[in-house]
Each structure stands twice: as C-alpha cells, then as structure tokens.
Amino acid sequence: MSSIASSAAAGPPPGMKVRLSSNESPYGPSPAAIRAANEAVAEGHLYPDDQSVELRQAIADEAGRPIEEVSVGNGSAALLMDALAYLARPDEDGTVGEVLAFERSFVVHRLGARNAGARYVEAPDGGPATVERNGYARDPEALLANVTDATRVVVIDNPGNPTNQHLSGAELTTLLAELPDRVTVLLDEAYHDYASGDPSYATYGELDVDHPRVLVTRTFSKAHALAGLRIGALTGPADLVAAIDGWRARFNVTAPSQAAAIASIGDRDHLDTGVARTLEGRARMTEHLRELGVPLTAGLGNFVTIELGTASQPVVDAYAQHGIGVRPLQPYGMLEQIRVSVGTPAEVDAFLAASDEVLAEVPSRS
Ligand SMILES: Cc1ncc(COP(=O)(O)O)c(C=O)c1O
C-alpha cells in the first residue's frame, strides 16, 4: 500500500481501445462545458478568479447552501489532501493525531494522512465478495471501536473506491450520532451522482442528525465527465471551509475549468443521461458476471469490483490482449481483484465478450 504512482500508471497502454480503468464517464463533457472552456482559453492570458466566486455560487445554489460553505479545488483529491493537511496536522506540542478510515478506503485518504504527519488507522471491513453476497461490508460500530482521544478525522468514501461499499443513511446517522463533536467527519462523495437515486444512500444534508464538523467532498470528474479539468468541491461549516481553503495553492482552479464546471451544472440533462446509461451498463455487467458465477461487489459507483481468486496481473494482461484496460488493485493490498469501470453500451459489450474468455479459467468461478 504505497504510492499513488501505482494508481496513476494503471490506465490502458497507448492504443488500447476500451479504457475501463479510471472510473471516468465515457460520454464526455457537456457540449456547453466544452464551449465554455474553449471561450475561457481565449482569455488565457488572464489569471483566473482565485475565489472561483461564480462556480462556488453555482454549487451553493444547487446545494441550497450559502457560498461561504463551499470551496473548490483541483479535483476532490486535492481538497481531501488540503483538508487532511489542515485538520490532522500535529498539535503545537508535537502530539500526533490519527486519521481513521475503513480498510481499503480510497488511497488519497492514506496519502493525505501521511502528508499531514498523522497516523492512519483502518477499521476492518467484511472482506471479499462471495458468489452469494457483496464484499467489503462496512459496519459503523467497527469505526467507532477505533475512535481514540487521538482521532482527529474520520474519512469515509461513500460509496467507496475500490470497495464499492457504502454506509446507508441509517448507518451514517448512527455513526454521526455517536462520534464525538471534536472529531471532523470527511465524507468523500465522489460517486454521489451515481448513488443518489438509490434508496439506501443518503448524503449528510438528508440525515436526521446534526454533527458540528461534517465536511463533504464531491467531484466533477465522474458524472460531470470533467476529470481532465480537475475540479472538486468541499462543503461544510463556513469556518472550517474557510480554514481549509486557506491551505490550498492560490489560483489553483483554472479559468477554463471554472467555466466548464459552471456550464456543466447548467446542463443537468447531459449528466442525468450519462448516469442513467451508466446504471443500465452496470446492471448488465453485474448480471452477466453473476451468470458466469464470478463473485463481485455490486455497489453504487460507476464500476464493479471483481474477485478473481487468482493473481490479478495475468488477468489484467489478458483483458489488454482484447484491447480493454481494467484496473488492478495492488495499492489496496487487493491482489486477486480487479475494478472495471462501466463504459458505453458498446464498451460493456466488448468487456463482457472478453470476460467470457478471460474469466473462463479463473478459480472464482468454481
Ligand atoms: C472515492 C474517490 N474520491 C475521490 C476521487 C478523486 O477524484 P478527483 O480528484 O478527480 O475529484 C476519486 C477518484 O477516483 C474517488 O474514487
């Protein structure tokens, strides 16, 4: 469990036809976002608005919150790093704090804790999937059992990557009701737009519980299809948001990125259509793989997490022979699993046709 380089390098080799390795949207940005970004490039000699006022206002309006409760950054990964750097730094007397997360939590949580000089503590999850059930079940009690006087931040990817698991609204409520007020809760909702239609999913604002230090990160990299432009949002109590914003690099969100994100918020149809197609593709992938007898975790993100029962790299290589890039998960200590993003209908067809051959011999089927 080491370097983010291992995840950054896992895209398909050049020339590979189908890229299912990075949980991107295969549908591309909204045409309005492309136009807006291009227009902003023509003004590229000017610095961007360091405060991203128009974009923050658009995000705040959508969320029904005041602008002071919203900041933006270079993707939610940068916001998570900034938030952890600020929240989990050692006390002035050198006392080291703890960042608590579920096992196999998104790798940036670990990196953020490391950069902050904090200890990273993991609460165990329920382990891999079987043919009968999803894997990596998360229990709020397991997190609570690991809270100590040193715990500064609890960070939860909800839904999680790569585990594909989430805490339900009821479970989040239990957790927040029992967590001490001094602990900051960082909810990483990168897959919110894919998850939000599921009855078991809820974001903080929908819960019947108050905790004074809940922060939520979202991204424009997934359903908004703007991963290459690097835009994320942080929402939460205004004083915390302002303090964390003070730790970011100045002028970090470029003008084309701000313009694209604003336009993308305005094109809800584009987002909804992409999400609906992705959910259809995910259902098709899940059903077909289950028919093959392959254990997998069917979560709420735009991907599936597959148990191979054998070392993943030869399987990743075999998919590559079919022109399909899938993600090995070694940085998570998941040596016998792969993560596969949901592509277009044609990409899903290609993946499933390849799977009939590639997965024919893997032990997880027996
Ligand atoms: C759970 C989770 N959080 C955060 C991110 C980071 O996304 P970005 O930095 O592109 O906003 C990802 C990206 O895959 C993710 O899966």
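Just so you know, all these numbers are worked out from the coordinates, no wet-lab data involved. As the structure is a computational prediction, the values presented were derived from the model and not from experiment. As a convention, Cβ positions derive from the backbone with ideal geometry for all residues, glycine included, and neighbour counts pool all protein chains shown.
Assorted remarks:
- Comparing mean-square fluctuations of 343, 197, 236 from a GNM of the chain with C-alpha springs under 10 Å, the top value falls on 197.
- Gyration tensor verdict on the range 185-289 (Cα atoms; rounded if a/c is under 1.5, prolate if a/b is larger than b/c, oblate otherwise): oblate
- Comparing 117, 94, 281 in a Gaussian network model of the chain where C-alpha atoms under 10 Å apart are linked, the largest mean-square fluctuation is found at 94.
- Exposed-site-free run, longest, the chain (rule: GluC sites (Glu not before Pro); DSSP loop; at most 14 other C-beta within 10 Å): 133-366
- Relative contact order, whole percent, for the chain stands at 25, derived from Cα pairs under 8 Å and 6 or more residues apart.
- Excluding exposed DSSP-loop trypsin sites (Lys or Arg not before Pro) (at most 16 other C-beta within 10 Å), longest clean stretch of the chain: 251-366
- Note on the chain: helix-only mean residue ellipticity at 222 nm, from DSSP H runs of 4+ residues weighted -39500 (n - 2.57) and normalised by residue number, equals -11000 deg cm²/dmol.
- Centroid-to-centroid, using Cα positions, the range 202-268 and the range 137-183 are 21 Å apart.
- Residue with peak Gaussian network fluctuation, the chain [Cα springs, cutoff 10 Å], from 184, 254, 148: 148
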